[in-house]
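The structure appears below as structure tokens.
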Amino acid sequence: MAFVAMIYGLVTANMKDRLMDETRIKQMIIDGLITIQNGENPHFIEQRLRSYLQHNDDKKTKQETKCARDRKSRRKSRITNDG
């Protein structure tokens, strides 16, 4: 039963992350189109849209760091339990 609950939690979290990413992409597109329509400087538009990508990269880096920390912690506990 615990295994099913764990899988359900992982799937739900994954779906939530995908929905948030999709929403962010759509917002980026809308933002880009509005700034083009307003006749903004292309350099300004590029910088503005890059901020969306930077936010996404920061999010991935945090997730990767957390996963690495979790793996290290699990390894350490296995060594402690085996030894």
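All of the numbers you see were taken from the coordinates with simple rules; none came from a lab. All of these numbers come straight from a predicted model, not from anything done at the bench. Please note: Cβ atoms are built from the backbone with ideal geometry, for glycine as well, and neighbour counts cover all protein chains shown.
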- request: For residues that are among the aliphatic types (A, V, I, L, M) and either under 17 Å from the mean Cα position of the chain (by Cα) or not in a helix (DSSP H, G or I) (or both), tally how many sit in the stretch 1-33.
  value: 9
task: Would you mention how many residues in the stretch 26-51 are in contact with a helix residue (DSSP H, G or I) (Cβ under 8 Å, 6 or more places away or on another chain) and either closer than 23 Å to Cys67 by Cβ or among the small types (Gly, Ala, Ser) (or both)?
output: 1
- prompt: Mind checking which residues of the stretch 1-60 are small (Gly, Ala, Ser) and surrounded by 10 or more Cβ atoms within 10 Å (Cβ to Cβ)?
  reply: Gly9, Ala13, Gly32, Ser51
